[in-house]
Amino acid sequence: MLPGRLDRIDLLRATAMLWMTVFHFCFDLDHFGFIRADLHHDPFWTWQRSAIVSLFLFTAGLSQAVALSQGQGWPRFWRRWGQVAGAALLVTAGSMLMFPKSFIYFGVLHGIAVMLIVVRLTAGWGAWLWPLGALAIAAKFIAPAVIATVPALQVLNSPGPNALGFISRLPVTEDYVPLLPWLGVMWWGVAAGRWALLHRPQWLGSADAPATGLKRGLVTLGRWSLSYYLLHQPVLIGLVSAWVWVSR
């Protein structure tokens, strides 16, 4: 019987959270004029964002695979889902105050809330999740050509339908994580997790001793990732704002 949590998955999630913190700190420094960085277009920054989101969604898929293997019921699933959905609404409200012209209406938490339901309903599809994930990722690159060929599909670029992610132009928003291509990454996480549980459970840390020291701290961060996600930006912005006030 696997333990309730596997430390290696939480370590991967903590890595994503720390990397995200550095990224957002640079965003805040740019916002307040301390540095100049084109985080929306410069490949140095956009590829980092893609890697961070991919790592976070892949670990979310791994976690779902473990939860399903332990027989997690729908009531417990919906409790956790409600926390994610509620946090997504808080992100929208906060971003509307700070970025009224580019607030977050379908960011990473919004995407995860929808993807969790899709993943829960499709987790039993087994090896089909690999090609389905590849197809979801490929849709990002296919969409512009398809929409150019069928102009009526331009409606998919508008807010609301663009949550699907089958678009030919990016929306103006501070965070955007639609179903396509990101559902493919979470599907791959589920597929990888279910395969590892059957064939290589030690890869997920099933036999690891309890974490101690720094590792224990990182594991704890991974387990409290939602709370950390909600709090880290207000704290960072507060610190940078305080420095601006002191220095000026």
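The values are calculated or read from the model by the stated rules, or taken from the named source; none is laboratory data. Small disclaimer: the values here were computed from a predicted structure and weren't measured. Ideal geometry is used to build each Cβ from the backbone, glycine not excepted, and the neighbour counts take in all protein chains shown. Remember, those area values only see protein heavy atoms, side chains included, never the ligands or the DNA or RNA. Shrake-Rupley method; radii C 1.70, N 1.55, O 1.52, S 1.80 Å.
A few remarks follow.
- The string of couplings for the stretch 207-218 from the Karplus curve (6.51, -1.76, 1.60, θ = phi - 60°) is 10, 5, 6, x, 5, 9, x, 4, 4, 4, x, 5 Hz, one whole number per residue in order, with x for Gly and Pro.
- The stretch 155-235, accessible surface, carbon-and-sulfur percent (1.4 angstrom probe): 69
- Candidates Thr212, Gly193, Gly160 compared by Cα position along the dipole of the stretch 143-248: farthest toward the positive end lies Thr212, with charges placed on Cβ.
- By accessible area, using a 1.4 Å probe on protein heavy atoms only, the stretch 87-149 has 81% of its surface on carbon and sulfur.
- Rule-of-thumb Rg ratio for the stretch 118-192 [Cα; 2.2 N^0.38 Å; N residues]: 1.17
- ³J(HN,Hα), Karplus 6.51/-1.76/1.60, whole Hz, each residue of the stretch 185-201, x for Gly, Pro: 5, 5, 4, 5, x, 5, 4, 5, x, 5, 5, 5, 4, 7, 10, 9, x
- Computed over the stretch 36-83, Kirkwood Rh from alpha-carbon pairs, angstrom: 13.0
- Highest-first packing order for the peptide set 69-81, 90-102, 129-141, 5-17 is 5-17, 129-141, 90-102, 69-81, based on the mean count of other beta carbon atoms within 10 Å.
- Carbon plus sulfur fraction of accessible area for the stretch 1-84, probe 1.4 Å, in percent: 65
- Direction-averaged projected area, Cα convex hull, the stretch 1-119: 8.4 nm², rounded to one decimal.
- By the helix-only formula, in which each DSSP H run with n ≥ 4 contributes -39500 (n - 2.57) and the sum is divided by residues, the chain has a 222 nm mean residue ellipticity of -23500 deg cm²/dmol.
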